[in-house]
Structure formats: structure tokens, C-alpha cells
Amino acid sequence: MDTTAVVEEVVEVAQLSLATDFTAFTFWVASAVMFMGAAFFFMERFTVKKEWQTSLSVACLVCLVAFWHYLYMRAGYMGELSYQEAGTSPTELRYVDWLITVPLQIVEFYLIVAAVTAVSLGLFWKLLAGSLVMLVGGYMGEAGVMGVDAMTGFIIGMIGWVYVIWLIWAGDAAKAAAGAKNENVAFAFNGIKWIVTVGWIIYPIGYAMGYLVDGSDVSGLNSLYNLADVVNKFLFGLVIWHAAMRDSGVSKA
């Protein structure tokens, strides 16, 4: 087999798809950003105080897991996988990614507060439970698991999301962050709190557009999800990195 010819063919196909398909373009962008984020957070974890290293390690894992799944989601959307038709939504792969990365991100609320003060382990389990209800409900509705229809799955998922929102705005997580009395923890907590509140609302909107409204646009839905993942995963980690650098007294100037 001529390896050079194979590589040239892959590049040619990629260039064609990027030039004619915006959704394919967003899959490539998301893959690149996730890889860059994983490498960046891994290297930077060694420059901050040890109390923040776990948080940056988790941010690295979030991007690394997302990068791995985006390789397959992109391939599936472009028809390179035998079990998926080109141009269709990689729902199962996307939820496998979310089931790993979203709980890790939610747990970051616990980790950044625990970096500077004692926090009840109960908060960890509450955040984890809320995120899992949100994701499992959404997946059951989208995939029709156990006969759950799209609306029922949407409602279950929203209950989990609203519970997480309550925890970080007025519940135990918010109280723990306020009790930490650390401006850098407050910066990170408030930053990712707004990302989860505003940035993550894109997902239920996308769900409604794709499964609760007639005439759904699969390509548009995937473009929306891809760009949202870029912001909500990489920016999420970047906020924590900035707070860790400030708290560690490290300057990049």
C-alpha cells in the first residue's frame, strides 16, 4: 500500500469537506481545540500550586476525552464509519463523551473550593448525581431507550440541570464557595458558574430544535453542539487555569 497516496487522498477529502460543509468544518475545529486544550492544561498543571493541580488535571482529561470522541464523531458524520451514514448525527458517541466529561466538569465546582478549604464530600455526590440525571434523561429521550419519548427525556434532563444550577447559585456549592473567602476561588467559581448557566443552555435548545420541533436540521444541530463544546469545555478549563495561576502567584507577562 502506498502510504503517501493514502495520506494525500485523506487530505483531499478533508479539504473538499471543509470547503463545502460548515458542519464538517466545526468537527475539525472542535477536534483541534480539544487536543490543544489537553496539551496546554497538562503542561500548565506543573506551574501552579499543588492544591490546584487536580483541577487542571481534570480540565486536561475533559479536553483529552473530548478530542478522542471528536475523532470518531467527525469520522461518523463524514461517512467514514461502517455503522453510520454520512451526514447523520453521532448521538451515541456524543453522549458517551458527555457522560464522561460533563460530570468531570461539574465536579470541578467541588475541586476548586476544596483546593483552599474543607468541603463536605456530600457536595461532590450531589453535583455528580445532578449531572448524571441531566445526561441520562437527555440520552434516553434522544435514543428512545426503554420507551422514553423525547419530551419525557427532555423534562428529566432539565430537572437535573436545574438542580445543578440551584446548587451552584444558592445551594451547598454556592455557600461553600462564599465560605472559602478566596478571591481566586470566587473568580473561578463565578466564571464556570456562568458557563454552566448560559453556555450550557445551548444543549437543551439544541435538543428541542432537533427532537421537539418539526423539520429539524441535523447539520445545524451538530454545528451548534460542536461550537458549544469548544466554548464550554476549553473556556471552562481556561477560567480555572487563570484562577490557579493568580492564586499561585505565577505571571505570564
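Read-outs throughout are calculated quantities, based only on the coordinates presented, and are distinct from any laboratory measurement. Just so it is clear, the structure is predicted and the values come from calculations on it, not from any experiment. Here the Cβ is made from the backbone with ideal geometry for all residues, glycine too, and neighbour counts use every protein chain on show.
Kindly state, to the nearest 0.05, the FRET efficiency for MET43 paired with SER251, given R0 = 25 Å and r defined as their beta-carbon distance. The pair MET43/SER251 has a calculated efficiency of 0.90. Among the GluC sites (Glu not before Pro) found in the stretch 62-119, those both in a DSSP coil and sparsely packed, with 16 or fewer other Cβ atoms within 10 Å of their Cβ, are GLU80, GLU85. For the stretch 41-146, chymotrypsin sites (Phe, Trp or Tyr not before Pro) meeting the loop criterion (DSSP other than H, G, I, E, B) and having at most 16 other Cβ atoms within 10 Å: TYR83.
Can you compute the charge dipole magnitude of the stretch 105-253 about its Cα centre, using +1 on each Lys and Arg Cβ and -1 on each Asp and Glu Cβ, nothing else charged? Give it in debye, rounded to the nearest 20.
With Lys and Arg at +1 and Asp and Glu at -1, about 580 debye.
The fewest-to-most ranking of VAL65, VAL102 by surrounding Cβ atoms within 10 Å reads VAL65, VAL102.
Under the convention that each Lys and Arg Cβ holds +1 and each Asp and Glu Cβ holds -1, the size of the dipole of the chain around its Cα centre is about 1400 debye. The spacing between the stretch 195-227 and the stretch 83-118, judged by their C-alpha centroids, is 16 Å.
What order do you get for SER131, SER120, SER219 when you list them from fewest to most C-beta neighbours inside 10 Å? Each step should come with its number before you reach the end.
Working: SER131 23, SER120 12, SER219 16.
Result, fewest neighbours first: SER120, SER219, SER131.
Our compactness index for the chain, the C-alpha radius of gyration over the empirical 2.2 N^0.38 Å, is 1.07. The lysines whose alpha-carbon is closer than 18 Å to the alpha-carbon of LYS175, local same-chain residues fewer than 8 away aside, are LYS126, LYS193. Taking every alpha-carbon pair under 8 Å whose residues sit at least 6 apart, the chain reaches a relative contact order of 22 percent.
Under 17 Å from a label point set 7 Å out along the Cα-to-Cβ vector of PHE22, the amide N atoms of the stretch 180-206 belong to 206. Label-to-label distance for MET151 and LEU235 is 3.3 nm, based on points extended 7 Å past Cα in the beta-carbon direction.
Projecting the Cα positions of MET140, GLY199, MET43 onto the charge dipole of the chain (unit charges on Cβ atoms of Lys, Arg, Asp and Glu, taken about the Cα centre) puts MET43 furthest along the positive direction. Calculated mean residue ellipticity at 222 nm for the chain: -26000 deg cm²/dmol, from DSSP H runs with n ≥ 4 weighted as -39500 (n - 2.57), summed, divided by the residue count and rounded to 500.
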